[in-house]
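Notes follow once the structure below has been shown.
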Amino acid sequence: MLEITNVTAGYGAFTALWDVSLRVDAGEAVAVVGPNGAGKTTLMRVISGLIAPRAGALTFEGYPIGGRPAYEIVGRGIAHVPEGRRIFPGLSVADNLKMGAFLPAARRTFAESLTRVYALFPVLAERQKQRAGSLSGGEQQMLAIGRALLTRPKLLMFDEPTEGIQPSIVLEIEEAIRRIRTELGLAVLLVEQYLDFAERLADAYVIMAKGAVVAGGPTAQLRLETVRHHLAV
């Protein structure tokens, strides 16, 4: 589904990714783990079209997406739940969700998609008229996920979905991601520092350090001790 081959990217004179390769198949969940500064968020931004790659290739369902505009990549079926959530705090919950359906195809299925989001996160239905900035951190994360689902994605990318969220809500986010996979059949690319959370959700790891992929493999075979060893190096 998503194929990344030898991608190099960065900001100005700084190179944040070096020859990164990974693959996410249809319906699969892949967790990208690594210390701060490993290049994980930059990788997400390259896939989303927020940063153009300097070298390498990215394809989604066989279509080249490297360097394409962000709106085109969304239209192809890739949605990004960014680090820090990036909701519109001054808008209502309902208006934030409408922002996810900005493309014509998404607008045509808005009512159906909104019903799915409210079934997944009932609290958003209860608070649809509430200002988004007044929600708790966990509720804002639910809103960010719901907004991404309004784009009707085939691949949903999460950047640190548990960051700044209390443990009880982390379990709700985990269950929501699991349902997104099982009920909606979406593929998932997950950047996560909390390794236990990643292991419970992902089929495979990609381990990054200093902008490069240093190891990877199925979560069933790659023990957490091995992952932690790579992260400590």
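Since every read-out is calculated from the coordinates, none of them should be taken as a lab result. Bear in mind that the values here come from a model prediction, so they are computed numbers and not experimental data. With ideal geometry, Cβ positions are generated from the backbone for all residues, glycine too; neighbour counts draw on all protein chains shown.
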Item to check | Rg and Dmax of the chain, Cα atoms only, in Å | outcome: 17.1, 49
Item to check | Sequence of Met142, Met44, Met1 once ranked by neighbouring C-beta atoms within 10 Å, starting from the fewest | outcome: Met1, Met44, Met142
Checklist outcome for this item: Going from the fewest other Cβ atoms within 10 Å to the most, one would list Thr8, Thr182, Thr59, Thr151 as Thr182, Thr59, Thr8, Thr151
Checklist entry - Which lysines, on any chain, are close to Lys129 with Cα under 27 Å apart, when same-chain ones fewer than 8 places away are left out? => result Lys98
Next on the checklist: Going by Cα centres, segment 84-148 and segment 172-211 are how many Å apart?
Outcome noted: 21
Checklist entry - How many percent of DSSP beta bridges within segment 2-232 run antiparallel, rounded to 5? => result 55
Item to check | Difference of contour (0.36 nm per residue) and Cα-Cα distance, Ala55 to Gln221 | outcome: 56.6 nm
Checklist outcome for this item: Site Tyr11, offset 7 angstrom along Cα→Cβ, radius 17 Å on amide nitrogen, limited to segment 66-106, gives 82-86
Checklist entry - When only C-alpha pairs under 8 Å and at least 6 residues apart count, what is the relative contact order of segment 2-232, in percent? => result 28
Item to check | Phe60, Phe110, Phe158 arranged by Cβ crowding within 10 Å, fewest neighbours leading | outcome: Phe110, Phe60, Phe158
Next on the checklist: Taking just the alpha-carbon atoms of segment 31-76, what radius of gyration and Dmax come out, in angstrom?
Outcome noted: 11.2, 31
